[in-house]
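The values are calculated or read from the model by the stated rules, or taken from the named source; none is laboratory data. Given the structure is predicted, the values throughout are model-derived calculations rather than measurements. Please note: Cβ atoms are built from the backbone with ideal geometry, for glycine as well, and neighbour counts cover all protein chains shown. Remember, those area values only see protein heavy atoms, side chains included, never the ligands or the DNA or RNA. Shrake-Rupley method; radii C 1.70, N 1.55, O 1.52, S 1.80 Å.
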Amino acid sequence: MNLSPAPILITGAGQRVGLHCALRLLEEGHPVIFSYRSERPGVQALRERGAIALFADFSTEAGILAFIAELKTHTGCLRAIVHNASAWLAETPDSETAAFTRMFSVHMLAPYLINLHCADLLERSKPADIVHISDDVTRKGSSRHIAYCASKAGLDSLTLSFAAKYAPRIKVNGIAPALLLFNPEDDAAYRAKALAKSALGIEPGSEVIYQSLRYLLDNPYVTGTTLTVNGGRHLK
């Protein structure tokens, strides 16, 4: 990917995959702006490496619009927007509406409004990209996490619609990962069960998403596509 003076925006980059991708981009010399909701060690690590950190609460329209306004005070152009911010909330009998509303806001409303209101920033950079980080669960649905799955599926639909809307000026694509990283508290039985769901049977880590992101940013002839990064789960 050719270096551009225009920064790359990554939402939700304070930990795990977003943090890894932001650090890798910085290592390769790309300016980075990122959003965060909670102070974490990763947020400070990115600041120390020169990234611009912007607080964002994507759970409300007001929070999303405030973030967009703040972003535009820091840059007049963007090389790419990577929508990585995500919420995973339990859908219990006393919280279904709140959980659905928040996940819809984070997974769909925030990308929708940011894409609409920041297209002018992207159009000042050539090439320009939008990348939505979705989830492989949308391929078959989820009986236990219906709101999460539905809102991520909506994000997949936004990929298609914005790709059509912004072509040929801005490429719009998605990445749909399955299991990437275990949590420290995951026990051996859970890990074995999760690994058995894929044909490759490995815990790949965050680098596979960075590799996918680089492919989408580098390739001038791909738009409206969602890359499946699931270790062959669809084969099981």
In the stretch 4-27, what residues are touching a Lys or Arg at 6+ places or on another chain (Cβ under 9 Å) and either at positive phi or assigned to a loop (DSSP other than H, G, I, E, B) (or both)?
S4, P5, A6, P7, G12, G14, Q15
For residues in the stretch 120-149 being of a type in the set (G, A, S) and touching a strand residue (DSSP E or B) at 6+ places or on another chain (Cβ under 9 Å), which is farthest from A69 (Cα to Cα)?
S134
Just to verify a result, which residue in the stretch 174-232, among those that are of a type in the set (F, W, Y) and closer than 19 Å to A22 by Cβ, is nearest to the chain's Cα centre (by Cα)?
Y210
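Residue-by-condition table, conditions (1) within 14 Å of R214 (Cα to Cα); (2) open to solvent by 20 Å² or more (accessible area, probe 1.4 Å); (3) in contact with a Gly (Cβ under 9 Å, 6 or more places away or on another chain):
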| position | (1), (2), (3) |
| --- | --- |
| S38 | no, yes, yes |
| F58 | no, no, yes |
| F67 | no, no, no |
| C77 | no, yes, no |
| H83 | no, no, yes |
Those residues of the stretch 126-144 which are modelled with pLDDT under 95 and open to solvent by less than 10 Å² (accessible area, probe 1.4 Å), in sequence order:
none
Taking interchain pairs and intrachain pairs at least six residues apart, which have beta carbon atoms under 7 angstrom, with the first residue in the stretch 80-100 and under 15 Å from I64 (Cα atoms) and the second open to solvent by 50 Å² or more (accessible area, probe 1.4 Å)?
A87/R102
Which pairs turn up if I take residues in the stretch 119-134 that are more than 15 Å from T225 (Cα to Cα) and look for partners that are of a type in the set (V, I, T) and not in a strand (DSSP E or B) with beta carbon separation below 8 Å, at least 6 apart in sequence or on another chain?
A119/I170; L121/T75; L122/I170; E123/I170; A128/I170
Matching residues in the stretch 1-35 (open to solvent by 30 Å² or more (accessible area, probe 1.4 Å) and touching a residue at least 12 places away in the same chain (Cβ under 8 Å)) number 13
Which of the residues belonging to the stretch 206-230 are open to solvent by 30 Å² or more (accessible area, probe 1.4 Å), part of a helix (DSSP H, G or I), within 17 Å of R79 (Cα to Cα) and not charged (D, E, K, R)?
Y215
Checked the stretch 145-202 for anything hydrophobic (A, V, I, L, M, F, W, C), more than 21 Å from M103 (Cα to Cα), part of a helix (DSSP H, G or I) and open to solvent by less than 40 Å² (accessible area, probe 1.4 Å); matches are A163, A194
Of all residues in the stretch 124-144 being farther than 25 Å from P7 by Cα, among the basic types (K, R) and assigned to a loop (DSSP other than H, G, I, E, B), the one that is farthest from the chain's Cα centre (by Cα)
R144
Taking the stretch 38-65, which residues are touching a residue at least 40 places away in the same chain (Cβ under 8 Å) and not aliphatic (A, V, I, L, M)?
F58, S59, T60, E61
